[in-house]
Amino acid sequence: GKAPYSSVITHGFVLDEKGFKMSKSLGNVVDPEKVIVGGKNSKQEPGYGADVLRLWVSSVDYTGDVLVGPQILRQMSDMYRKLRGTMRFLLSNLHDWKPENSVRYSDLPKIDKYALFQLENVVTSMKDSYENYQFYKIYQILQRFAIVDLSNFYLDVAKDRLYVGGRVSFTRKSCQTVLSAHLLYLVRAIAPIMPHLAEDVWQNLPFQHTLDDGSVAEFVFNLKWPVKNEEWLSVPKDDVDFLSVILELRSEVNKILESARTGKLIGSSLEAKVYLHAENANTVSKLKELVSATNDADALHRLFITSEVEILPSVSSETTSGVSYTGTFSSERTGNIWIGVTRADGEKCERCWNYTRDVGSFLDHPTLCARCHGVIDLPPVPAAAAVS
């Protein structure tokens, strides 16, 4: 007397890339098996694997007719490879990390708290989309977050902390704490759509993940969806808003750096020094706070991936003498911000490639900056401790 299911979803037809109905006579049929394993001509019909086909299914709004064809599948394959690259970066930089090395949330730098705040919101949105069968929204979130926001900002900025900082440095450990959270959250989020990629990631996990009952999760589908983390959402709204603005400002700074690079003033962005002048007193105070951050992770020049940032009290011919590459940024929150770029002061550190005035200050290592000198002069870790 009732339907043998709790809900039903209807979908449209699958058409070719031009929107025509598929038929053998037209030769426009897309065979799912050939998409997965490939055809006789591997160049014309490459095998993409099941995950790419499943990713395509998640990318379309199935409530209407959907299109599929060679060009669309190539785009899906590119998206898959970029996502795989992001997961590989997370795995690679956690090779020496253990859960017991986690930095307490209260001790994390602002940029790390902001990253976890974003992650929690993104995963919550993905959960809502799963529950409402809106898979195309999950695809859009993955594309925007994992590939654009995460890779182009946080992971890009994190490289200095991961590669240059000492293995036992606080900033590296705090960054790895955030990376591990992203890995454990994202692998669960992608598993229903790309189970092979998710399991591939899980089988290469460099540390053991234990479940609530104390057992070790051998497979990715042993996991449950992550429980909402209220602490990660506790970042003050003022900090969230300002760091969001900093990301927008960073994009504008990058445009000016690119102009300076085109004009042969600089090569790498680390050869640059950025000048900022803001009219809004509150903005000036917050910018100065980032410039003089006590931890290296929140320092504004690290976020811009330049060697130095200086806040100017005014913009005049005297203060901007020699600044040939300039631009402006404006938002309702910060008001107008003037941006200038010159070559960085000091000499290039041969280890981290940052330009600082302290290169040449150390007789035993005259080509290193103070940070790198401190890292390489750390006493070696005892063999017994390294094994444990």
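Miscellaneous remarks
- Count of residues meeting criterion [open to solvent by 60 Å² or more (accessible area, probe 1.4 Å) and either under 14 Å from LEU162 (Cβ atoms) or not basic (Lys, Arg) (or both)] in the stretch 75-87: 2
- Candidates in the stretch 318-335 are the residues that are at pLDDT below 85 and of a type in the set (Ser, Thr, Tyr); of these, the one that is surrounded by the most Cβ atoms within 10 Å (Cβ to Cβ) is THR320.
- Taking first residues from the stretch 205-216 that are without any contact (Cβ under 8 Å) to a residue 24 or more places away in the chain and partners that are surrounded by 10 or more Cβ atoms within 10 Å (Cβ to Cβ) and of a type in the set (S, T, N, Q), the Cβ contacts under 7 Å between residues at least 6 apart in sequence or on separate chains come to LEU211/ASN222; VAL216/GLN208; VAL216/THR210.
- So GLY263, is it open to solvent by less than 50 Å² (accessible area, probe 1.4 Å) and small (Gly, Ala, Ser): yes
- Sole residue being assigned to a loop (DSSP other than H, G, I, E, B) and open to solvent by less than 50 Å² (accessible area, probe 1.4 Å), chosen from ASP61, ASP51, ASP96, ASP112: ASP96
- Filtering ASP65, ASP61 for residues that are within 30 Å of ASP200 (Cα to Cα) and either out of contact with any Asp or Glu (no Cβ under 9 Å at 6 or more places or on another chain) or β-branched (Val, Ile, Thr) (or both) leaves a single hit, ASP61.
- Applying the set (1) more than 22 Å from the chain's Cα centre (by Cα); (2) open to solvent by 40 Å² or more (accessible area, probe 1.4 Å); (3) within 22 Å of SER330 (Cα to Cα) to THR283 leaves exactly one unmet item: (2).
- Whichever residue in the stretch 200-246 is polar (S, T, N, Q) and within 30 Å of PHE329 (Cβ to Cβ) and, among such residues, is least open to solvent (accessible area, probe 1.4 Å): SER244
- Residue within the stretch 139-154 that is farther than 30 Å from ALA297 by Cβ and open to solvent by less than 30 Å² (accessible area, probe 1.4 Å) present: yes
The values are calculated or read from the model by the stated rules, or taken from the named source; none is laboratory data. Just so it is clear, the model here is predicted, and its values are computed rather than measured. All Cβ positions, glycine included, derive from the backbone under ideal geometry; neighbour counts span all protein chains shown. Protein only, heavy atoms only, side chains kept; ligands, DNA and RNA dropped before computing areas. Shrake-Rupley method; radii C 1.70, N 1.55, O 1.52, S 1.80 Å.
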